[in-house]
1. Within segment 1-93, which strands (runs of 3 or more DSSP E) (wholly inside it) include 1 or more residues that are surrounded by fewer than 20 Cβ atoms within 10 Å (Cβ to Cβ) and free of Cβ contacts under 8 Å to residues at least 60 places away in the same chain?
2. When segment 280-339 is examined, which residues are found to be assigned to a loop (DSSP other than H, G, I, E, B), more than 11 Å from ligand 1 (Cβ to nearest atom) and more than 17 Å from Val3 (Cα to Cα)?
3. Six or more apart or on different chains, Cβ atoms under 6 Å: show the pairs whose first residue is in segment 112-135 and hydroxyl-bearing (Ser, Thr, Tyr) and whose second is in a loop (DSSP other than H, G, I, E, B).
4. Taking into account only those residues within segment 182-196 that are of a type in the set (D, E, K, R) and out of contact with any Ser or Thr (no Cβ under 8 Å at 6 or more places or on another chain), which is nearest to Met305 (Cα to Cα)?
5. Restrict the check to segment 183-197 and report whether at least one residue is under 20 Å from Gly118 (Cα atoms), touching a residue at least 40 places away in the same chain (Cβ under 8 Å) and within 14 Å of the chain's Cα centre (by Cα).
6. May I ask you to say which residue of Ala238, Ala161 is near ligand 1 (Cβ under 10 Å from one of its atoms) and either charged (D, E, K, R) or in contact (Cβ under 8 Å) with a residue 24 or more places away in the chain (or both)?
7. Restricting segment 285-309 to residues that are of a type in the set (D, E, K, R) and within 16 Å of ligand 2 (Cβ to nearest atom), which is surrounded by the most Cβ atoms within 10 Å (Cβ to Cβ)?
Amino acid sequence: MDVIYSPDHALHQSPGELNSGEFVAAFEKPERAQIILDRALAVGLGPVLAPERFPLDAITRIHDAGMVDLLRHGFAEWEKLGRKGGAFPFTFFTRGFRADRVPQNLEGRLAHYCFDAGTPLTATSWQAIESSAHVALTGAAAIVSGASSVFSLCRPPGHHAGSDHYGGYCFLNNAAIAAQHVLDQGAKRVAILDVDYHHGNGTQQIFYQRDDVLLVNIHATPEQEYPYLLGFADEPGAGAGEGFNLNLPLPWGTDWEAWSAALETGCRRVAEYAPDVLLVSLGVDTYLGDPISQFKLDHEHFTRMGERIAKLGLPTQFVMEGGYAVAEIGINAVNVLTGFEG
Ligand code: Q9C
Ligand code: ZN
């Protein structure tokens, strides 16, 4: 399958993140995408293509214009204030605060839109963020043109970014932007299967009230794991979207046996929905060696995962999300794709 990749991802290099009360080196780093690309080339997965450019409208179909403006221009303001390091908030929006007033002040805008201290903006972050969305959009366009599968090697990842909030190493929701593009080009129904270790809270928020996107999420239970505040089993969707959100939370320590049972449940729901297109939010932080995660999948399980997804027989776009065991990330991600190809 074609691999969509831009070297511009390396323009986002997080200076660090808050982890258990300490500022530590970022887990989400440029080597991740480079190693996945190297592995894709080594196994001859397919031609590597550069992304096309898309109008900003393809992004603001999903995201609040004020948030996009902060991502584009926030760091320049931060720099003018003489700040060192990446731009991120020190105070956060929560219950009781005014949701209807977007502050003009930079600190206020960061507090309004950003929900954690792991997602800093740097001088060149926007170029990487935009390129990642374009990598997703180019993959979506390939599917619209009749490709049976494509791999969008997105970085930074996207599934924690909601319509008007960002965090969890994610700025723009690449998978959601791709899904909307496919719908805007005439598809009637899109399913998103999110296999990242963490719950895709942003994707859920974006499509929660809609029935034209089915979202199935397999992830570590928020009772134990980030993002803590969303991703429980009793979140079925609302309004027209009721019945079109399926969360399959699993406890720390989950192995392939339990994880693959959830995949089976999720795949059956996708098949029942009979979408025109399947998008896979492909995180491989379910790997047993992942430094921030607590599931127990090994290399060969990623191959099995790809094989099961292929059995759905749907045009499928894979969009890269998380995975932080950098040395093994290429093997794990590409195993899903070669498993899919059979
Ligand atoms: N103790 C994705 O996988 N917090 N994002 C980690 C580590 C944030 C993960 C803290 C995890 C975000 C796309
Ligand atoms: Zn993750």
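Each reported figure results from applying straightforward, stated rules to the coordinates on display, with no laboratory input. Computed from a prediction, not measured in an experiment: that's the story for all the values here. Methodologically, a virtual Cβ is constructed for each residue, glycine included, from the backbone with ideal geometry; neighbour enumeration extends over all protein chains shown.
1. On the way: elements: 2-4, 17-19, 22-24.
It comes to 22-24.
2. Taking segment 280-339 and keeping what is assigned to a loop (DSSP other than H, G, I, E, B), we get 283-286, 288-296, 298, 311-315, 321-325.
The next check asks that each one be more than 11 Å from ligand 1 (Cβ to nearest atom); those that pass are 288-289, 295-296, 298, 311-315, 325.
The answer is Leu288, Gly289, Phe295, Lys296, Asp298, Lys311, Leu312, Gly313, Leu314, Ala325.
3. Going by the 6 Å Cβ cut-off, the qualifying pairs are Tyr113/His165; Thr119/Tyr169; Thr122/Gly86; Ser125/His12; Ser131/Ser6; Ser132/Cys154; Ser132/Arg155; Ser132/Pro156.
4. Of segment 182-196, the ones of a type in the set (D, E, K, R) are 184, 188-189, 194, 196.
If we keep only those that are out of contact with any Ser or Thr (no Cβ under 8 Å at 6 or more places or on another chain) too, we end up with 184, 188-189.
Values: Asp184: 29, Lys188: 26, Arg189: 23 Å.
Taking the candidates together, the pick is Arg189.
5. Taking segment 183-197 as the starting set, the residues that turn out to be under 20 Å from Gly118 (Cα atoms) are 196-197.
Going one step further and asking which of them are touching a residue at least 40 places away in the same chain (Cβ under 8 Å), we end up with 196-197.
This time we only want the ones that are within 14 Å of the chain's Cα centre (by Cα), so: 196-197.
For segment 183-197, residues under 20 Å from Gly118 (Cα atoms), touching a residue at least 40 places away in the same chain (Cβ under 8 Å) and within 14 Å of the chain's Cα centre (by Cα): present.
6. Values: Ala238 fails: near ligand 1 (Cβ under 10 Å from one of its atoms).
Exactly one residue qualifies, and that residue is Ala161.
7. So in segment 285-309, the residues of a type in the set (D, E, K, R) come out as 285, 290, 296, 298, 300, 304, 307-308.
Add one more test, that the residue is within 16 Å of ligand 2 (Cβ to nearest atom), and what stays is 285, 290, 296.
Values: Asp285: 26, Asp290: 24, Lys296: 19.
So, considering only residues that are of a type in the set (D, E, K, R) and within 16 Å of ligand 2 (Cβ to nearest atom), the one surrounded by the most Cβ atoms within 10 Å (Cβ to Cβ) is Asp285.
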